[in-house]
Structure formats: structure tokens, C-alpha cells
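Inspection log for the structure reproduced underneath, given as C-alpha cells.
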Amino acid sequence: DVKVTQSSRYLVKRTGEKVFLECVQDMDHENMFWYRQDPGLGLRLIYFSYDVKMKEKGDIPEGYSVSREKKERFSLILESASTNQTSMYLCASSLGTGRTEAFFGQGTRLTVV
Amino acid sequence: AQKVTQAQTEISVVEKEDVTLDCVYETRDTTYYLFWYKQPPSGELVFLIRRNSFDEQNEISGRYSWNFQKSTSSFNFTITASQVVDSAVYFCALSDEEDSGGGADGLTFGKGTHLIIQP
């Protein structure tokens, strides 16, 4: 079974903290993605990576950074968490180009207080 | 720019009724891919179907069927004889063929339709 695993299901952090969300996939996929899901807004792409050490900004990169040191791992970093970053974060991976489906992790619900 | 519109925010039906979820998309690309995902209460998005822009054949998988019409830029999803387990948020999504430095740009999602199946 293909698997994308996010390190935490629920997180509560304080404003100003540095937050790391980790994602690991076991499918040897080139592409990895971080999305944010908010009610009424659907899923919005934050960052994606198509290779180790490569990254591209998505639609809403402000306030976030990413790291991909190994092919299987893609980390999302909130440098200084703010309350408007309270959201559900979804990691995904896919093989090759846009023709292939993405596989998603179970999501991390982050609350910033 | 790509766009996916799911006009139905929430649909509630009684079990065993048929229900259709609408999806309308916009893209300037001639080659593109359409997807449907299901997100049950557990939160993980589950892939349901992929359709490329050159294949307008409708598809049926059990109680699920999909109607792709390029003329109206629509990719609608019908559940026949709905069941309580079908309750979920359903997302329609779009991607193109183009690479960006060798990889995919990610999916453009609609805002989702929350489907409630009442027993």
C-alpha cells in the first residue's frame, strides 16, 4: 500500500513559535506538495518540490518555508507562527508530471494560540 | 490561469437517492487532467478517478459514474443509490501536462462539496 505519513495529527503551538510539519512518503515519488485546507476555501498550494533540494512557491507561500533534504521527506516550516496559520495542512506526493494522481497524508490540524 | 468551480457547497439527501456533484473547470491548456477526490471525516483525501482531456468517455465504477463534457467544461460525478458511507467532502481538481523545471505544479482544487447522506 502506498503511504504518505504526516508526523502529527494535531498540534497546538503558541504565536511566534517556530513550527515544523514533517511528511514522509514511501513510494519513491519525485514530487511532494504542501496544501492548506480552510473551510470555504478548499485546498490551496503552499509549496511544492519536484526533486531533492528543489522547491517552488505555490499560491500562498507567505509565512512558510520548506525543506527537502531527502527524496522521501518534505518539511513545512512556519518561521514564526501566527493565529491566521491555524488550519489543516495536507501533504501529498506524486510521480512524474501532472497526469498522475497525488496521494495524500492524513493531515495535520494546527492550532496557533 | 486554471480554475475549478464546485457551485454546490453542501448537498443533503436521503439514503438510496441518486446524487450528482457538479464540477466546472477553466484552463487554456489543450492537454489537462481532471480528478475527483473524497475526503471522509478522517481527513485523508482518497483518489477516486483521473480523466485526461482527450478521453471523453464516461466511466462507471460500481455506484459511481463520471460524465466528462469538454463542450461545457464539466466533469460531474454521480452516486447512484447513495449510502451513509458516501458522506464526505468531495473535491474536483485539475492539472496540466506542463512541467515546471521537470516536475508537476500541483493540483488546482475546487472548494469542495459536502455531501450528507441521511439514513
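Tabulated values for the structure
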{"quantity": "Residue that is free of Cβ contacts under 8 Å to residues at least 12 places away in the same chain, facing another protein chain (nearest Cβ under 8 Å) and under 16 Å from B:Lys3 (Cβ atoms), where the choices are B:Gly106, B:Gly112", "calculated": "B:Gly106"}
{"quantity": "Subset tally (residues that are hydrophobic (A, V, I, L, M, F, W, C) and under 18 Å from B:Val4 (Cβ atoms)) for segment B:78-92", "calculated": "4"}
{"quantity": "Scope segment B:54-66; condition surrounded by 16 or more Cβ atoms within 10 Å (Cβ to Cβ) and free of Cβ contacts under 8 Å to residues at least 24 places away in the same chain; matching residues", "calculated": "B:Tyr64, B:Ser65"}
{"quantity": "Leading residue by the ranking (nearest to B:Leu115 (Cα to Cα)) among those in segment B:50-64 that are assigned to a strand (DSSP E or B) and more than 9 Å from chain A (Cβ to nearest Cβ)", "calculated": "B:Tyr64"}
{"quantity": "Residue within segment A:53-68 that is touching a residue at least 12 places away in the same chain (Cβ under 8 Å) and within 8 Å of another protein chain (Cβ to nearest Cβ) present", "calculated": "yes"}
{"quantity": "Search result, residues across segment A:77-105 that are among the hydrophobic types (A, V, I, L, M, F, W, C), within 14 Å of chain B (Cβ to nearest Cβ) and closer than 20 Å to A:Ser7 by Cβ", "calculated": "A:Met88, A:Leu90, A:Cys91, A:Ala92, A:Ala102, A:Phe103, A:Phe104"}
{"quantity": "Yes/no for B:Tyr33 being surrounded by 13 or more Cβ atoms within 10 Å (Cβ to Cβ), at the interface with chain A (Cβ under 10 Å from one of its Cβ atoms) and either in contact with an Asp or Glu (Cβ under 8 Å, 6 or more places away or on another chain) or part of a loop (DSSP other than H, G, I, E, B) (or both)", "calculated": "yes"}
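Yes/no per residue for (1) surrounded by fewer than 20 Cβ atoms within 10 Å (Cβ to Cβ); (2) in a loop (DSSP other than H, G, I, E, B):
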{"position": "A:Glu22", "(1), (2)": "yes, no"}
{"position": "A:Met27", "(1), (2)": "yes, yes"}
{"position": "A:Gln37", "(1), (2)": "no, no"}
{"position": "A:Arg44", "(1), (2)": "yes, no"}
{"position": "A:Val52", "(1), (2)": "yes, yes"}
{"position": "A:Ser65", "(1), (2)": "yes, no"}
{"position": "A:Arg68", "(1), (2)": "no, no"}
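Here's the yes/no breakdown for (1) more than 17 Å from B:Leu107 (Cβ to Cβ); (2) in contact with a strand residue (DSSP E or B) (Cβ under 9 Å, 6 or more places away or on another chain):
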{"residue": "A:Asp26", "(1), (2)": "yes, yes"}
{"residue": "A:His29", "(1), (2)": "no, yes"}
{"residue": "A:Phe33", "(1), (2)": "no, yes"}
{"residue": "A:Gly40", "(1), (2)": "yes, no"}
{"residue": "A:Tyr50", "(1), (2)": "no, yes"}
{"residue": "A:Asp59", "(1), (2)": "no, yes"}
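No value in this document is a laboratory result; all are computed from the given coordinates. Owing to the predicted nature of the structure, the values given are computational and were not obtained by experimental measurement. FYI the Cβ positions are ideal-geometry reconstructions off the backbone, even for glycines, and counts take in every protein chain you see.
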